[in-house]
Structures are given as structure tokens and as C-alpha cells.
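**Student:** First, the structure itself, so that you have it in front of you.
The values are calculated or read from the model by the stated rules, or taken from the named source; none is laboratory data. Predicted, not measured: the structure shown is a model, and the values here were computed from it. With ideal geometry, Cβ positions are generated from the backbone for all residues, glycine too; neighbour counts draw on all protein chains shown. Note: areas computed on protein heavy atoms with side chains; ligands, DNA, RNA excluded. Shrake-Rupley method; radii C 1.70, N 1.55, O 1.52, S 1.80 Å.
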Amino acid sequence: MSGTYYLRSFGCQMNEHDAERIRALLEARGLAPAGEPDGADVLVYNTCTVRKSADDRLAGHLGTAARLKREDPRRIVLVTGCLPQAEKEDLFRRFPFVDGALGPQNLHHLGDLLDAAVEPEGPGGGADPSPVRPRGYFEDGAAMSGDLEARRERPFQAWVQIMSGCTNYCSYCIVPYVRGPERSRSLADVGAEVRRLVGDGVREVTLLGQNVNAYGRDLGPGAGEGAPRSAVLSGSGFPALLRALDAVDGLDRIRFMTSHPKDLSDELVAAVADSPSVCEHVHLPAQAGSDRILAAMRRGYTAEWFLGRVRALREAVPDVSITTDLIAGFPGETEQEFAQTLDLVEAAAFDAAYTFVYSPRRGTAAADLPGQLPADVKRERVERLIVATQRLALKSRSAWVGRRAEVLVEGASRDGRLLRGRTRHNVTVNVSGPSEAGAIVEVEVTAATTTTLRGTIAKATSRR
Ligand code: SAM
Ligand code: SF4
């Protein structure tokens with residue numbers, strides 16, 4: 001197949017990683033990337049359904065796809081990601097011009113989907129492509145997509161999916177319904193992928209999973225077999241994985257996300273503290289500060305327990321950066337309960353936060369709860385959360401001014417005049433001084449904003 005493709009991806013890091021794999025699959029088929037949808041032969045929309053806002057944005061993009069398809073019906077429009085899994089036939093009813101769709105567990109079928117779209121006798125296709133009938137839809141859910149190649153954005157950084165799905169069923173969340181149950185890759189598989197990546201020049205890996213702390217829970221005994229020989233395999237599960245990867249020669253930085261507070265064990269805190277390659281950053285979504293709301297969310301912890309975990313991390317890991325996700329306006333949340341989220345934010349002194357307005361998702365338990373709050377109440381609350389978390393973020397970043405930080409240079413800054421990189425604490429830094437993408441340097445921090453630092457390169461500290 002020849003021609004060009006346009007890919008638009010929405011949502012979380014897991015989706016971005018899926019997008020890298022979609023690119024690799026399309027390019028393996030001979031398609032070249034196009035920067036704009038106009039003129040592309042294949043249009044792929046990698047969707048997110050976690051919040052309604054993502055759905056709304058997708059509808060706008062699919063409007064463009066519909067116009068382009070009308071202009072040239074030979075164009076192929078595919079939808080991947082969480083929406084096909086959530087909506088199945090509804091998707092084809094809402095967007096009849098879509099040629100094929102598949103969910104995140106079925107990315108390995110993308111080539112078959114393309115074939116089906118080119119050749120309508122393919123699966124689900126045939127002589128009668130009625131608008132309500134999937135013209136291409138694959139559903140066996142068998143892929144652990146770590147097996148698929150990825151077209152990475154930068155040669156020195158890689159995402160590594162260590163598990164798929166989630167079995168927590170937080171009452172507001174659609175993820176378990178669209179990404180299936182928790183499934184871990186074996187430690188041997190993950191270790192082999194990381195060693196291969198390091199051999200290809202990767203210096204930083206980010207381990208991905210909806211709840212990485214639960215890694216290995218679904219694997220039987222012997223899950224540690226095949227780990228690198230030098231690995232110190234104390235304990236099990238995610239801490240053991242971190243220690244095993246820390247022993248991989250040539251790997252400078254290990255990041256991971258997301259950690260669920262209920263599964264943040266002392267053993268994991270210790271593994272973060274004493275594994276030199278593991279970065280001093282933990283993304284620990286609190287969601288809310290009221291124990292009643294946390295129970296209604298089915299999070300499995302109280303505010304006091306959450307703060308206890310924050311204290312344990314801060315005691316064990318010097319300068320650790322703790323970031324979070326917060327939801328404003330969960331059904332039935334009173335003003336007093338919301339104030340407890342603000343109290344938790346202050347007590348935890350988060351280094352940064354993603355703040356969300358509660359968005360009812362069809363099929364989740366919270367969508368049917370009484371006490372759904374009006375949009376203006378939710379918006380006003382989230383704005384107060386933004387003010388509080390930005391104030392704390394500025395304080396956290398300002399504390400770096402006058403200090404040195406290790407930075408992995410990622411490329412040019414937005415305006416192209418400086419270099420841009422990230423500290424081990426996951427803060428973006430704009431730096432001046434001679435260096436190049438992929439280098440690890442020591443930076444003297446000179447200024448801070450709520451989201452970035454500014455500095456000058458003090459030392460080229462390539463540790464290889
Ligand atoms: N697995 C991660 C965890 O448990 O923290 C997060 C997965 S989810 C894709 C990312 C964030 O989206 C959640 O932490 C939550 O704050 C937010 N989120 C999920 N469902 C939501 C909803 N229905 N409304 C608003 N925010 C939501
Ligand atoms: Fe969703 Fe909860 Fe699973 Fe995170 S842990 S993906 S919020 S169900």
C-alpha cells in the first residue's frame with residue numbers, strides 16, 4: 001500500500017504510546033505521515049472516552065473527516081482507542097462514514113482493518129456495507145501490545161507498557177470497561193524489551209500501566225524468572241521490577257505511571273528511594289479529600305491514609321516530586337466535602353496537579369448516583385482547585401532556583417532559541433548553553449514559573 005496517513009491521538013500517555021504503535025504499523029504498510037488531514041489517504045483517530053470533553057473534541061475532528069470522505073470516498077477513515085470499545089455499533093451509527101474501528105486491546109489487527117477497508121469483503125464487510133453494520137471491527141482482546149513495534153518520537157526516550165487494563169472499578173471511571181481487566185507482562189518480557197531499547201540508545205524509559213503498583217498481581221509464582229541476572233529481586237511485583245530494571249546497564253532514568261495510593265507499599269517506597277535510576281517523581285492521584293467521597297468513588301483509602309503515604313515518600317526520597325489528579329464536583333459532593341479536597345491539597349503540598357470537572361460516563365456506577373451537580377458549581381470548584389494547585393506548583397518550582405538539577409535534553413525550546421529538557425523530578429526546563437538532544441547535563445536553575453524552570457548548563461554530565 002502506498003500513500004499518506006494522518007493520525008490524531010487524544011487522551012493519556014497510554015493512548016500516546018498506542019499512537020506510536022499505530023504509526024509503526026501504518027508505516028510498515030508503506031504509508032508516509034502527513035501533517036494535516038487534507039490530502040491524507042488514511043485518517044486515523046485514536047480516541048479517549050475518560051471525560052466527555054474528549055468525546056466533544058473528537059466529534060469536531062470527525063466532522064472534518066466526514067467532509068474529506070465526501071470529497072474523496074476512496075479515503076479510509078479509521079477509529080481506534082477507547083471509543084470503539086465503549087460504543088461498538090453506536091459508533092458506526094453516529095459516524096457512518098467510518099470504515100473501521102478497533103479497541104486498544106486489538107491494535108495488532110490494524111493491518112487487517114486497512115485490508116477490510118480497501119477490500120470490503122474483509123471481516124464484517126461485504127456487499128452490504130449498511131451504515132449500522134461494522135465494516136471492520138476486530139474484537140479478540142488478545143494483544144499485549146508491548147509486542148508491537150513503536151515509532152518513537154525521540155531515540156533516547158521510550159514508553160514501556162508493563163500491564164494493560166484495570167480491575168479497580170472506581171465508580172466514576174470508564175477505563176476498566178474499555179481496556180479490560182488488569183494483565184501484567186512477565187518480568188522477563190519487560191526486562192528483554194528494556195534491554196533491547198537501551199541497546200538501541202534509549203536512556204529513559206517510562207513504565208506505563210493504569211495502576212503500576214498492582215504489577216504482577218495477576219501473574220503466578222515464578223513471575224521473576226528471566227529477570228536480568230544482576231537484578232536484586234527482593235519481594236515481588238512492581239518493587240521487584242523496579243529493582244531489576246535499575247540493574248540494567250546503560251539505563252539512566254526510570255519513570256513510571258500511574259501509582260494507585262492504596263497499593264503504594266513501604267516496599268515500593270524503599271525501591272524508589274534506593275534505586276539510583278528511578279526518578280524522584282511519583283504521580284499519585286488523590287481524586288478527593290473527603291472520606292465519604294473517596295468511599296463513594298471506591299478508591300479504597302482515606303485522606304489520612306493518603307497523607308501518610310505522602311509523608312512516607314517525602315521522608316524516604318529527598319526532594320521527591322509528588323503530582324496528582326483531582327476531581328471536582330463528584331455526585332453529591334457538598335461545599336464542605338469539597339473544602340476537604342482543598343485541605344488535602346495544602347497538606348500534601350503537591351508539586352503539580354491535573355484537575356478535572358467530574359464527567360458522568362455511561363455505564364459507570366457514579367453516572368447513576370443522585371446529586372449530580374450543575375456544570376457551574378463543578379466549574380467554580382475546579383477553578384478554586386486550579387488556583388490552589390498552581391500556587392503550590394510555583395512554590396515547588398521556585399525552591400529549585402539557585403540549585404542544580406540533572407536535565408535530560410529533549411530538543412529545542414518552543415521558540416527555538418533555547419534547549420528544552422526535563423529534570424528527574426519531571427519538571428520542564430528551558431536551558432541555555434551548548435548541548436544536544438539526548439544529553440544529560442547539570443543545570444544551574446535561575447528562574448521558575450508554575451510549569452517550567454529556566455537555567456544555564458553548568459556541566460555536561462553524561463554518565464555513560
Ligand atoms: N489509573 C489512573 C488512576 O487510577 O489514577 C488514572 C486513569 S484516568 C485515565 C486519569 C484521570 O482521569 C483519573 O485519575 C481521574 O482523575 C480522571 N477521571 C477519570 N474518570 C473521570 C470522570 N468520569 N470525570 C472526571 N475525571 C475523571
Ligand atoms: Fe480508572 Fe480507578 Fe482504574 Fe485508575 S484505578 S484506571 S481511576 S478504575
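**Student:** Using the alpha carbons of the stretch 12-96, what is the convex hull volume per residue in cubic angstrom, as a whole number?
**Tutor:** Each residue corresponds to 103 Å³ of Cα convex hull volume.
**Student:** How long are the three semi-axes of the equivalent ellipsoid of the chain, in whole Å, if each is the root of 5 times an eigenvalue of the C-alpha gyration tensor, listed from largest down?
**Tutor:** Here the semi-axes work out to 35, 28, 23 Å.
**Student:** Let me check I have the definition right: for the stretch 249-399, take the eigenvalues of the Cα gyration tensor, multiply each by 5, take square roots. What are those semi-axes in whole Å, largest first?
**Tutor:** Ellipsoid semi-axes (Å, largest first): 29, 17, 14.
**Student:** Considering only C-alpha atoms, what is the centroid distance from the stretch 1-52 to the stretch 373-401, in Å?
**Tutor:** So the two Cα centres are separated by 33 Å.
**Student:** For a Förster distance of 41 Å, can you work out the FRET efficiency between the beta-carbons of GLN336 and GLN13, rounded to the nearest 0.05? Each step should come with its number before you reach the end.
**Tutor:** Details: r = 34 Å, r/R0 = 0.84.
Using R0 = 41 Å, I get an efficiency of 0.75.
**Student:** Keeping all protein chains in the complex and leaving out DNA, RNA and ligands, what accessible area do you get for HIS17 with a 1.4 Å probe, in Å² to the nearest 10?
**Tutor:** Using a 1.4 Å probe on the heavy atoms, I get roughly 10 Å².
**Student:** What residues qualify as long-range amide H neighbours of ALA458, i.e. H under 5 Å apart, gap of 5 or more or another chain, H built at 1.01 Å from N?
**Tutor:** Correct list: GLU442, VAL443, GLU444.
**Student:** A further question follows. How do TRP400, TRP159, TRP305 rank by accessible surface area computed with a 1.4 Å probe, from largest to smallest? Walk me through the numbers before you get to the answer.
**Tutor:** Numbers: TRP400 30, TRP159 55, TRP305 100 Å².
These residues rank, largest area first, as TRP305, TRP159, TRP400.
**Student:** Can I ask one more? Among the lysines, select those whose C-alpha is under 23 Å from the C-alpha of LYS88, and discard any that sit fewer than 8 residues away in the same chain.
**Tutor:** Once the sequence-local lysines are set aside, what remains near LYS88 is LYS52, LYS69.
**Student:** Okay, next question. Rank ARG253, ARG454, ARG424 by accessible area, highest first, at a 1.4 Å probe radius?
**Tutor:** ARG454, ARG424, ARG253
**Student:** Also, quick follow-up: Stretched out fully, how many nm does the piece from GLU436 to ASP343 gain, at 0.36 nm a residue minus the Cα gap?
**Tutor:** Net length gain for the segment: 29.2 nm.
**Student:** Heavy-atom accessible area per residue, the chain, 1.4 Å probe: how many Å²?
**Tutor:** Ligands and nucleic acids excluded, the figure is 41 Å² per residue.
**Student:** Tell me which trypsin sites (Lys or Arg not before Pro) from the stretch 1-109 have a DSSP coil assignment and no more than 12 other beta carbons within 10 Å of their own.
**Tutor:** Values: sites: ARG8, ARG21, ARG23, ARG29, ARG51, LYS52, ARG57, ARG67, LYS69, ARG70, ARG74, ARG75, LYS88, ARG93, ARG94; in loops: ARG29, ARG51, ARG74, ARG75, LYS88.
Hits after loop and neighbour filter: ARG74.
**Student:** On the protein heavy atoms, probe 1.4 angstrom, tell me the percent of accessible surface of the chain carried by carbon and sulfur.
**Tutor:** On the chain, the fraction of accessible area on carbon and sulfur atoms equals 51 percent.
**Student:** Determine, for each peptide in 377-387, 360-370, 287-297, the mean count of other beta carbons within 10 angstrom over its residues, then list the peptides with the highest first. Don't skip to the answer; put the middle values down first.
**Tutor:** Working: 377-387: 16.4, 360-370: 14.7, 287-297: 20.9.
Ranking, from highest mean packing down: 287-297, 377-387, 360-370.
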